[in-house]
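Enquirer: Questions regarding the structure given below will be posed in turn.
The values are calculated or read from the model by the stated rules, or taken from the named source; none is laboratory data. Here the structure is a predicted model, which means the values were calculated and not measured. Note that each Cβ is placed from the backbone with ideal geometry, even for glycine, and that neighbours are counted across all protein chains shown. Heads up: the accessible areas ignore ligands, DNA and RNA and are worked out on the full protein's heavy atoms, side chains in. Shrake-Rupley method; radii C 1.70, N 1.55, O 1.52, S 1.80 Å.
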Amino acid sequence: MEKFVERTLLYDFYGELLTKRQQQIYESVVLEDYSLSEVAEELNISRQGVHDMIRRCDKALEGYEEKLHLVEKFVNIRGQVHKIHELASGYHADDIEAISNVILEEL
């Protein structure tokens, strides 16, 4: 998975567990693509401080995922939903029983 997508998913699932300041910095640098210098100047901290905060946030978000596996579960379920959609698009509404049998066999 692309690093930006992975970071975005981790933040979507676990971002509320970060402090407000961590959220502000992480959103600015990672999600909104502000430079470390811009964020450091705005918050009156060093660039290194911003960089260190981003690393700590990444580590925390990855730690939550290691314990809870919510992103992994989401990605798996999304894949199953796509598979169901593909299978269902090949049948008419009258074939609901056949669709459910195929889905159950695939899982």
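Enquirer: Which residues make up the longest stretch of the chain that has no GluC sites (Glu not before Pro) in a DSSP loop with at most 16 other Cβ atoms within 10 Å? Walk me through the intermediate numbers first.
Expert: Numbers: sites that count: GLU2, GLU32.
The reported range is 33-107.
Enquirer: Ok, one more. Given a 1.4 angstrom probe, what's the average accessible area per residue across the chain, in square angstrom?
Expert: Values: 7760 Å² over 107 residues.
Averaged over the residues of the chain, the accessible area is 72 Å².
Enquirer: Further question: Angle, helix 3-14 long axis vs. longest principal axis of the chain, Cα atoms, 0 to 90°, nearest 10?
Expert: 90 degrees
Enquirer: What's the magnitude of the charge dipole for the chain around its Cα centre, counting Lys and Arg as +1 and Asp and Glu as -1 at the beta-carbon? Answer in Debye, nearest 20.
Expert: So the magnitude is around 600 debye.
Enquirer: Okay, moving on. May I ask you to list the lysines whose Cα is less than 19 Å away from that of LYS83, ignoring any residue fewer than eight positions away on the same chain?
Expert: LYS73
Enquirer: Relative to the present Cα-Cα distance, how much length would full extension add between ARG47 and VAL5 at 0.36 nm per residue of separation?
Expert: Stretched out fully, the ARG47 to VAL5 stretch lengthens by 12.7 nm.
Enquirer: Evaluate the distance, in nm, between pseudo-label points positioned 7 Å from the Cα of ASP12 and of ASP33 along their respective Cα→Cβ axes.
Expert: In this crude label model, ASP12 to ASP33 measures out at 1.8 nm.
Enquirer: What are the ³J(HN,Hα) values, in whole Hz, obtained from phi via the Karplus relation 6.51 cos²θ - 1.76 cosθ + 1.60 with θ = phi - 60°, for each residue of the stretch 76-87 in sequence order, with x given for Gly and Pro?
Expert: Here the 3J(HN,Hα) series is 5, 5, 4, x, 5, 5, 4, 5, 4, 4, 4, 5 Hz.
Enquirer: Follow-up question, since we're still on this one. In whole percent, how big is the carbon plus sulfur part of the accessible area of the chain, probe 1.4 Å, protein atoms only?
Expert: Numbers: 4010 of 7760 Å².
Of all accessible area on the chain, carbon and sulfur atoms account for 52 percent.
Enquirer: Write down the radius of gyration of the chain and its Dmax, each obtained from C-alpha positions, in Å.
Expert: 20.3, 64
Enquirer: If you don't mind, there's one more thing I want to ask. Using the eigenvalues of the Cα gyration tensor, what equivalent ellipsoid semi-axes result for the stretch 45-85 when each is taken as the square root of five times the eigenvalue, whole Å, largest first?
Expert: Whole-Å semi-axes of the equivalent ellipsoid: 34, 11, 4.
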